[in-house]
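The values are calculated or read from the model by the stated rules, or taken from the named source; none is laboratory data. None of these values were measured; they are calculated from a predicted model. Backbone-built Cβ (ideal geometry, glycine too); neighbour counts: all protein chains shown.
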Amino acid sequence: MFAIITDLGRVEEREQRRLEVTAKDPEALLVRFLNEANFLFETEHFLFKRFVVEELDPNARLVAAGFGEPVDLPRHPVRMVVKAATYHMLEVKRYRGRWRVQVIFDI
């Protein structure tokens, strides 16, 4: 999602933010997580470059550490603003021991 917003090659991992979301199923959990990260971009102007999942219960809770830095417009020109992650054509599946997802963003 943040690769849509700006060039992640220019984002440094200067700060860490903890994100914690709950939901009733894996699809809702993913949408809430992405929208929470986007909320922090919109309200605190924070760009995430990388996430490390610390806890995952696909039917209840996701906790992750996000690494990035505040927006610096000369280094982080905004290419496109993401309004939200949507449920349209959303897929969350376990495949060969890994999670595979498809998400469409409202821009």
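Looking across the stretch 1-41, just one residue is without any contact (Cβ under 8 Å) to a residue 24 or more places away in the chain, over 12 Å from the mean Cα position of the chain (by Cα) and under 20 Å from residue 87 (Cα atoms), and that is 28. Against the test of being exposed (fewer than 14 other Cβ atoms within 10 Å of the Cβ), modelled with pLDDT of 95 or more and over 24 Å from residue 11 (Cβ atoms), the options 44, 54, 91 yield a single qualifying residue, 91. Among the residues of the stretch 94-107, those that are exposed (fewer than 12 other Cβ atoms within 10 Å of the Cβ) and either over 15 Å from the mean Cα position of the chain (by Cα) or outside any loop (DSSP other than H, G, I, E, B) (or both) comprise 94, 95, 96, 97, 98, 100, 102, 106.
Out of 42, 55, one residue alone is more than 14 Å from residue 1 (Cα to Cα) and of a type outside the set (S, T, N, Q). It is 55. Considering only residues in the stretch 55-79 that are within 15 Å of the chain's Cα centre (by Cα) and of a type in the set (A, V, I, L, M), the one that is farthest from residue 30 (Cα to Cα) turns out to be 65.
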